Structure formats: structure tokens, C-alpha cells
Amino acid sequence: MITELAVDGLAPRRVERPGSAEELAEVLRAARDAEEAVVPVGGGRALGLGDPPERLDVVVETRGLRRVIEVSQADLTASVEAGVTLEELDAELARVGQFVPIDPFNAPGHTVGGVLAAGLSGPLRLRYGPPRDFVIGLRVALPEGRLVSSGGRVVKNVSGYDLNKLHLGALGTCGVIVAASFKLFPRPAHEVTLEARPEEPWAEAARALALPMPPIALELIGDGRLLARLAGTREGVTRMARELGWPEGDPAAWARHATAGGDAVAWARISVPPTRLREVLERLPRGARWWASPGVGVAHWTGDLDPASVTLVRAAAEQAGGSLVLMSAPASLKRQVGAWGTPPPTLEWMRRLRDAFDPRRTLSPGRYVV
């Protein structure tokens, strides 16, 4: 058994480290034929997401798939293999003055494939949306050993079914992402970080979001601090900062904020309509550690979460039309309350899709909703 890559206490019998998409597909085919259970792993930063696996025989690491396939500065697109980390991708795109706005928590070390399979996003979602909005193509290895592609390497691609979204956030249950293509964005010419601790943080956050040119990221920390990221031309950013009227902060605060969640005993993500976020967070236990993106209705709660509190807050989130998902937690807590919450009304359709792509339950059995 290989304990360092255990998932919720369950260790694999072996670890495969393929060096190409073709090798990875062959590993999956062989595992399927041998009726082995496979969990794909990228950077391992989101390995705590999901319910405990029903079984685990093989961990397939994707870090060997590290090619930058293509960067088209003129088309604002890039294609990379799944094992490339977000930091490596950002450094490559910096050469052409562009970037992909994916900034998940528990960073650094997330791989492209891992962050897409886990459905992660961060503060920049306020301005740019979640990754599903700018992933334009995927290449995926199926359990039967085939490599299939969806979308393409150009933005204007409207033919066929939109199978990209099938794999985003699905924890590899319908196939393992081996490459992805993105729509890119120009790097802002100028950025400024502002930080404030107002008497009424929720009201001040609402004021910032209502500005004609709102921040590209706005975070409300549980201790009452507000962190804003302004970007654009120097003149525009100067005007935005003047309208907001907050003191200038440390730009490195965003890098520190990105590490949040990594040292938590347990970590839950709350997603609700933005207008309901505050009332749901008021159900957290006194003294709870949390941070939120008020503009998108997402909050993160970390600490020694107990089953009763998780059940209470999850019920409030679901009543508000949202969800509470355990991003990581002791296996005992997951078994008591579940990682995902109440199954969605589309559960039967999700099961049919899973049956079509992975009828033998080779990939991550038990970790996802289906």
C-alpha cells in the first residue's frame, strides 16, 4: 500500500505515472479490464473533495503530462496538457501579456486538469466568471482506453454537443482530463489592491459592487476586513480607487489569501444567490472562520466543523437555493453528513451519463454524487 497518496484513509496498491495521454489511456483500459478502481490525481490540492471512495486500487498521477501544446497570442487562446500547474501556465502566458483567470484557494500547486475536474474557482470569478466560461476545449481519456476531444482550440466553435461541461467539476467520473484549451485575457495594464475595515462591511461591499467600474475581485473576511482588487488602465484604476476611498493595501495579500484552506481540519464551500449569502453565514457557529465573495454568493468556512453545525448551515444554504459542499474533511465527518448534500433533481440523468461513460465504475467510485 502507498500511504502518501491515500484518499480519505484508503491507500492504493500502486501508483501509475504516465508520460503521455496515450499511456494514461492505456492505464485506464488495463485497470478497467482488471476491474480495478482508479482515482486520478493532479497536484493533490483538491484530493479531499468528495465522499470517501468505495474502493481504491490505482492512483494515476497526471503530472507527467506537462506540455504547453500551443499559445496563440493573436487568437487569445492556449492549449496545455493536464499536468501543467497554474503557476507554470501563468509564467508561460506572461511572456505574451495574457493570462487565464483561475485562482483557486489552497494554492499553489493546482494542476490544470485537477482544478477543472474539481470545479474550483477563486476571487477573480467576480469579473471573469468560473472556468467553465472560458474553457473552449478538452481532451479526455475514457475508461475503455479511448482518447476523445470536445470543443476545440479556437473560441468560435459551436458544432456538436458541449461535452466540455460534462467533465468540469465531475472529479474524473466520466473520464480523465488530459489536455485543455482556454480563451485567454489580456493582463491588466495596472492593478491596485485596497483594504478596509468599515463599520458596516456588508453595506460597504454592496457599495463597491455597485460602482460603475467595480473591482475585479472583492473578498469579505470574517473578521470584518474587505479586500478589493482594481485593474485596468492607470487612469481608470486611479479613478476607481478615488471613488472607493479605501486605503491602499499590500498586493501580496492576494497570494496569502490564495493559500487559505490548506491548513484546515475541515473546509466547506457555501454557494447561494448573492442576496442570500449574509443570512446563511449568520447561521455559522459563533467565532467561525470564514471568507466570502459577496458579488458571486460564495463563501468558505474552515475549522473543526461538527456534524450538527454542518447539517444546520447546509439546510439554510439549500433553503436559500444553494448548497454546502465539503471541500475537505475527516472521513468520519463525510460519512456522517455527506460531502455533497441533498442530491439534485437531475440525479437520474447524471446516473445515466455515468453509466454511458463508465459502466464498470472504474473512475473514483463513490466520490462523486453518482
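The values are calculated or read from the model by the stated rules, or taken from the named source; none is laboratory data. Computed from a prediction, not measured in an experiment: that's the story for all the values here. Cβ: placed from backbone, ideal geometry, glycine included. Neighbour counts: every protein chain shown.
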Checklist line | Candidate set from the range 27-68 (those that are part of a helix (DSSP H, G or I) and closer than 17 Å to Gly83 by Cα); member that is nearest to the chain's Cα centre (by Cα) | finding: Leu28
Check: Which of (1) more than 23 Å from the chain's Cα centre (by Cα); (2) buried (at least 18 other Cβ atoms within 10 Å of the Cβ); (3) within 25 Å of Gly50 (Cα to Cα) is the odd one out, the single condition Met240 does not satisfy?
Finding: (3)
Checklist line | Filter result (in a loop (DSSP other than H, G, I, E, B) and without any contact (Cβ under 8 Å) to a residue 24 or more places away in the chain) within the range 307-345 | finding: Pro345
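I'd like the full set of residues that are loosely packed, with under 15 Cβ neighbours inside 10 Å and out of contact with any strand residue (DSSP E or B) (no Cβ under 8 Å at 6 or more places or on another chain), limited to the range 286-310.
Initially, the range 286-310 is screened for residues loosely packed, with under 15 Cβ neighbours inside 10 Å, giving 286-287, 304, 306-308.
Within the range 286-310, Arg286, Gly287, Asp306, Pro307, Ala308 qualify.
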Checklist line | Breaking point among (1) within 18 Å of Leu86 (Cβ to Cβ); (2) free of Cβ contacts under 8 Å to residues at least 40 places away in the same chain, for Pro198 | finding: (1)
Item checked: Which numbered condition Arg286 misses (of (1) within 30 Å of Val58 (Cα to Cα); (2) not in a helix (DSSP H, G or I); (3) not acidic (Asp, Glu)) -> (1)
Next item on the list: Would you mind telling me which numbered condition in (1) at pLDDT 95 or above; (2) within 30 Å of Val39 (Cβ to Cβ); (3) surrounded by fewer than 15 Cβ atoms within 10 Å (Cβ to Cβ) Phe182 fails?
Entry: (3)
Check: What tally of residues in the range 1-26 results from selecting those that are of a type outside the set (A, V, I, L, M, F, W, C), at pLDDT 95 or above and assigned to a helix (DSSP H, G or I)?
Finding: 3
Item checked: Candidates Trp301, Trp267, filtered to the one that is within 21 Å of the chain's Cα centre (by Cα), under 18 Å from Ala205 (Cβ atoms) and not small (Gly, Ala, Ser) -> Trp301
Item checked: Among (1) part of a strand (DSSP E or B); (2) at pLDDT 95 or above, the one test that Ser150 misses -> (2)
Check: When you scan the range 83-124, how many residues do you find that are among the charged types (D, E, K, R) and either crowded, with 22+ Cβ neighbours inside 10 Å or assigned to a strand (DSSP E or B) (or both)?
Finding: 1
Next item on the list: Identify the residue in the range 69-82 that is in contact (Cβ under 8 Å) with a residue 24 or more places away in the chain and assigned to a loop (DSSP other than H, G, I, E, B) and, among all such residues, is nearest to the chain's Cα centre (by Cα).
Entry: Ala82
Next item on the list: Return yes or no: is Ser271 touching a Gly at 6+ places or on another chain (Cβ under 6 Å) and either buried (at least 16 other Cβ atoms within 10 Å of the Cβ) or at pLDDT 95 or above (or both)?
Entry: yes
